[in-house]
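What follows is a set of notes on a single structure, which appears directly below.
The values are calculated or read from the model by the stated rules, or taken from the named source; none is laboratory data. The structure displayed is predicted, hence computed values, not measured ones. Cβ sites come from the backbone with ideal geometry, for glycine too, and all protein chains shown count toward neighbours. Accessible surface areas use protein heavy atoms only, side chains included; no ligands, DNA or RNA. Shrake-Rupley method; radii C 1.70, N 1.55, O 1.52, S 1.80 Å.
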Amino acid sequence: NELDTSSGGADESRALSALDMAQDAFEAVIAGVPEILGTVGTMTTAASTETTTWPSTLMRVDSLWMINSQNSLPSYKLNEIQDVGGQSASAPFWPATANYSASPGQPWGYFTNRVNFYWAPVPDAIYTVRVYGYYEKTAITLRSQTFELPNQVAAPMASFAVRMMSI
């Protein structure tokens, strides 16, 4: 039997769902490969608040850069703290203690558990941070929406979607 994927066709919604599943599978793979199809976003800190919530569409962090409030350009890269809790004032190891101040200030580092970003030190003001990484694309739900990935992945994703429809 042939599929009817035309506008309003009997199989249109199944085809869109299969394309969305193919996109989700593709994104799950590339989210694990640093610097592949990177995207850029921003987030802000809050004064006197240790954490910022992980953005819901952020799938991978490649690097974070502090934005200079005077010219809106990146001024320095934030250091990723690998040690769980290493952002705290009691961090006992060097080099974390080399730059650390127990007083609130402009963050120089962060720890993340994919739920929150923990800043070191605790921000004393609102700061903007540029996030280089991968943000998931819009779910495929309408035939009229723009395909947000490079054209080179369209054919493999369509092939994957056809396989999803046959399952």
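Points to keep in mind about this one:
- Residue match in the range 123-142 (condition: surrounded by fewer than 17 Cβ atoms within 10 Å (Cβ to Cβ) and either in contact with a Leu (Cβ under 9 Å, 6 or more places away or on another chain) or modelled with pLDDT under 90 (or both)): yes
- Matching residues in the range 1-16 - criterion: being touching a residue at least 24 places away in the same chain (Cβ under 8 Å), surrounded by fewer than 17 Cβ atoms within 10 Å (Cβ to Cβ) and not acidic (Asp, Glu): 3, 7, 14
- Scanning the range 105-122 for residues that are assigned to a strand (DSSP E or B) and open to solvent by 40 Å² or more (accessible area, probe 1.4 Å) yields a single hit, 118.
- Residues of the range 143-159 that turn out to be farther than 30 Å from residue 65 by Cα and either over 24 Å from the mean Cα position of the chain (by Cα) or open to solvent by less than 50 Å² (accessible area, probe 1.4 Å) (or both), as a count: 7
- Flag if residue 48 is more than 14 Å from residue 117 (Cβ to Cβ), part of a loop (DSSP other than H, G, I, E, B), open to solvent by 30 Å² or more (accessible area, probe 1.4 Å) and modelled with pLDDT of 90 or more: yes
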